[in-house]
Amino acid sequence: MRNQEQHGALLEAEKAKVKPPPLYKVMLLNDDYTPMDFVVVVLQTVFAMSREKATQVMLQVHREGMGVCGTFTREVATAKVEQVINIARKYQHPLQCTMEET
Ligand code: TYC
């Protein structure tokens, strides 16, 4: 039979186990060369945004220098950043994407 202290320790361990994972914001950076239409298509493709939402985010990045595309676990955020960078490289645009813990 567990005493009270062991029971408490076990509950703490269980709590630690279900702690939510850290989340990461994926951010798109502005540049002077990547075509606006290309950025919109990337946002629709990689982040499953509607054309309207993608246009809003693209314009925010264009005007303010940076914009958040979404918040994800580390693995998903890393994959999205890679997808954006790879598609930009494929079409030889300088579009940059980065991530940061929230
Ligand atoms: N500033 C770019 C232009 O004028 C458009 C652009 C928007 C580029 C968002 C990158 O993340 C970006 N063609």
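The values are calculated or read from the model by the stated rules, or taken from the named source; none is laboratory data. Since the structure is predicted, the reported quantities are computational estimates derived from the model, not experimental observations. Neighbour counts run over all protein chains shown; Cβ positions are idealised from the backbone, glycine included. Only protein heavy atoms, including side chains, enter the accessible area calculation; ligands, DNA and RNA are left aside. Shrake-Rupley method; radii C 1.70, N 1.55, O 1.52, S 1.80 Å.
Pairs of Cα atoms in the stretch 37-96 fall into 10 Å distance bins, from 0 up to the last occupied one, in shares of 23, 57, 20 percent. Available extension along the chain between E12 and K25 is 1.8 nm, counting 0.36 nm per residue and deducting the alpha carbon span.
Here the chain is scanned for chymotrypsin sites (Phe, Trp or Tyr not before Pro) in DSSP loops (not H, G, I, E, B) that have at most 15 other Cβ atoms within 10 Å, and the longest stretch holding none of them is 34-90. With respect to the chain, whose longest principal axis is taken over its alpha-carbon atoms, helix 74-90 is tilted by about 20°.
In the chain, the portion of solvent-accessible area held by carbon and sulfur atoms comes to 53 percent [1.4 Å probe, whole percent, DNA, RNA and ligands not counted]. In the structure shown, the pairs K15/K53; K15/K80; K25/K90; K19/K80 are assessed against 26 Å; a Cα-Cα span above that value is assigned to K15/K53; K15/K80. Residue-wise HN-Hα couplings along the stretch 57-71, as the Karplus relation 6.51 cos²θ - 1.76 cosθ + 1.60 with θ = phi - 60° gives them from phi, are 5, 4, 5, 4, 5, 4, 7, 10, x, 7, x, 8, 8, x, 10 Hz; Gly and Pro carry x. The per residue volume of the convex hull around the alpha-carbon atoms of the chain is 115 Å³.
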